[in-house]
């Protein structure tokens, strides 16, 4: 689905899901561990409902003050290091990656001593050119998250993994499989996507210097910049595979149960019917009804954290480095084509 309204419609359709009755025979968008059929086909809706309910409060506005403080403190520290070293620098490696990873991992409750290996496994898992390595990394991440959940059962803390093992509803605590599904969902949809969007967002601002200056002079709203980055600066891997859980007749197209249904987020966010001048980057765009986080059942639970991170960035970076500019021709910047989630390999800047 590539039109925004079609994507929104099918995202709210209970007949679309992440599972398949025969995962081994399911059509694949890519032969990648990250995009294999997910969840138990029989209990998918109930499992998703229960683990999501357990962590929803964690990502609600009342709980965002501490992550906001953490984000600001972390970004300030990283910028101190960047400016102390002087230009030029790679803003992707020196800021976007560590900022996104540390913020996401701390909210999840992944111990600092595990950050490096979890990032390494995540890199391997998203490699599109080495199937064996990707599947081994996926298995390693899943096993380690399961181990961390067991530790949180014994010693819960103020983090999302603890929420998954301490939450109780009318059916009691989450099952081990439900808690692990939630943990995997939070991890796999987290820091790499945010890091890619941070880098692409800065790239979009620096290739539109008038808009970057407006943020530096605080004459343009940061919120508008955040939403336009979310709409426009879509990293690679914006093709989201789902499966039909039942037969669907959609606008004359017959979708059979088990068929692969692909949501193309980037195309939906460039739909001229929804976004006049969609190819233009405009931080004053309003309204901006993008679908960067999906919609309905599949709306990203970490949306508030991603917005918080981007808000911290656009409020801080232009005022801290108002003369920031690209050090290379943007047309020559290499992308990470070996990863199914794409992204820039680097973002060289100077000031």
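Computed from Cα atoms, the angle from the helix 44-55 axis to the main principal axis of the chain rounds to 50 degrees. Annotation: peptides 58-66, 296-304, ranked by per-residue average of other Cβ atoms within 10 Å with the highest first, follow the order 296-304, 58-66. Each of 337, 6, 163 has some number of other Cβ atoms within 10 Å of its Cβ, and from fewest to most they run 337, 6, 163. Between the helical axis of 115-125 and the longest alpha-carbon principal axis of the chain there is an angle of about 70 degrees. Normalised by the number of residues in the chain, the mean separation of alpha-carbon contacts (under 8 Å, six or more apart) gives a relative contact order of 28 percent. Look at 51, 351 and count the other Cβ atoms within 10 Å of each Cβ; fewest to most, that gives 351, 51.
Relative to the longest principal axis of the Cα atoms of the chain, helix 176-188 runs at roughly 30 degrees. Extending 7 Å from the Cα toward the beta-carbon at both residue 207 and residue 331 defines two label points whose distance is 1.1 nm. Protection proxy ranking, highest mean first, for peptides 24-30, 288-294: 288-294, 24-30, where packing is the per-residue count of other beta-carbon atoms within 10 Å, averaged. Per the Debye calculation on the chain with a single equal scatterer at every Cα and no solvent contribution, log₁₀ I(q)/I(0) for q = 0.08, 0.12 Å⁻¹ amounts to -0.39, -0.91. Stretching residue 299 away from residue 72 to a fully extended chain increases their span by 79.2 nm, per 0.36 nm per residue minus the current alpha-carbon distance.
Rule-based calculations on the coordinates, nothing more; no lab input. Just so it is clear, the model here is predicted, and its values are computed rather than measured. Using ideal geometry, Cβ is built from the backbone for each residue, glycine included, and neighbour counts are taken over all protein chains shown.
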